[in-house]
Structures are given as C-alpha cells and as structure tokens.
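Presented below is the structure to which this report refers.
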Amino acid sequence: MERSAERELEILRAIGEGVPLTQRALAERLGVALGLTNLYLKRLAKKGYIKIAEFRKKPAARKRLRYVLTPTGIREKTRLTYEHVAYALNLYRRTRQTLREELHRFPESGLKRVALHGTDEAAELAYLTLKEAGLEPVAVFGTRGGGQFIGLPVRAVTELVPEEYDAVIVATFDRPEPQRAELMRLGVAPDKILTLRRLERAHGDGPAA
C-alpha cells in the first residue's frame, strides 16, 4: 500500500471519528508538515470524499474549518481499510517466511547472539519469528536509547559492539538502507546485517561466527 494511500486512510479515519479536528492536530497525527496535510485535505475534497465547511462560534471569532465524510468518503474509507488489512497480512506473511528461511540454520551452526535494531511493530514480528526458530534476541538497539522492549533495555545504536553479536536484524518495514549504512559505519560486517524487507547479504554465505 502506497504511503499516500495510507495517509489518506488515516485522514478519513480521523474525520470519521467525529471529533473536532484542526489541520495542525491532523498534521501531528500523520507526522507530516502542515502544508502537506492541507494538500491532502484539498485532494480528498476534490475527489468528493470529504466536505470542508467554515463556521464561527461567535460573530467576532476567527473562522474555523469543519471536515465531514461524504457517503463516497465512507465507501472509500471502507475500501482503503480492506486494502490496508490485506496488504498488512501479506506483508507479515512474506516477512515471517523470509526471516524463517534466513534463521533456520542458526541453531545448527551454533549462531545464537542476535540483536534487534528497532522497537516498533516490525521488531515485534521479528521477535516472534526468532522465538519460532528457537532464538532469543540478546540485545535491542534504537536510534536513541531509553525504555524497554520485550523485557530488554533499549540501548542507543552507537553503543553497539559488532564483535558481541552473530547478527543484527534491522527491524523496519520501511527502506532498511539508512539503518544498514549506519550499522556498517559502526563496524558491523555486511554479512551480519539482516533486513526484513529483503534479506540479501552483500557478501559471504552467512553471518560470521
């Protein structure tokens, strides 16, 4: 599912909740700039999915905008929701299968020290797949340290010592290249870096012992 479609679905969901909504609040919810949020709203209105109405609580008050889903918008929200669910299920299925294939030989070869780089939904999926393979992550890293994930402290990725791990899984459904490049800058060998999106190693036949 394309990012623009995901954002349109999130906007339609937010408007469908029926709670008064400002563009600024919507931009924060989407995690995008205010100007981009405005463009999305205009595009949805042009498609006939939402109506934008002006109102004032008091005669002297600054005008405010109200967003309402149209019947067409409700149908589109349903369609996008179904598409999103189907996409997510397919993504999870493919990711788990690929990771299973990558990890099945780890116990046989004695490789056990696996670290996760990430703490979101993708990391949860990677953790479950590791458990199925009889493995437990021994460390969790994030862009910044702090908090816990699966019972382990989340450490800043800059603290990672490459020699301590047989493999590092970049746990993200987005493009893994930035995290992969960062790990390589920290000294992690390319053949020790696994990604969920496409588990192709740059060199070698497997993680180094």
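Computed from the coordinates by the stated procedures, all read-outs in this text should not be read as laboratory data. Every value quoted in this text rests on a predicted model; they were computed, and no experiment measured them. Every residue, glycine as well, gets a Cβ built from its backbone with ideal geometry; the counts of neighbours run over all protein chains shown.
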Which distance in nm do the two modelled labels at Ala156 and Ala5 give, with both placed 7 Å along the Cα-to-Cβ direction?
4.0 nm
For Kirkwood radius over Cα pairs in Å, with candidates (1) 19.3; (2) 19.8; (3) 18.1, the value calculated from the shown model is option (2)
For region 135-148, just list the computed ³J(HN,Hα) in residue order, Karplus coefficients 6.51, -1.76 and 1.60, θ = phi - 60°, integers in Hz, with x standing in for Gly and Pro.
10, 10, x, 9, 7, 10, 10, x, 4, 10, x, x, x, 9
Amide H of Phe149 versus every other amide H placed in the peptide plane: which residues, excluding those fewer than 5 positions away on the same chain, fall under 5 Å?
Val154
Quick query: amide H of Ile50 versus all other amide H atoms, modeled in the peptide plane; which residues come in under 5 Å with a sequence gap of 5 or more or a different chain?
Ala45, Thr70
Rounded to the nearest 10 degrees, what's the angle between the helix 71-103 long axis and the longest principal axis of the chain, both from Cα atoms, 0 to 90?
0 degrees
If contacts are Cα pairs under 8 angstrom and at least 6 residues apart, what is the relative contact order of region 1-145 in percent?
18 percent
Among Ala126, Ala156, Ala167, which one shows the biggest mean-square fluctuation in a GNM of the chain, springs joining Cα atoms closer than 10 Å?
Ala156
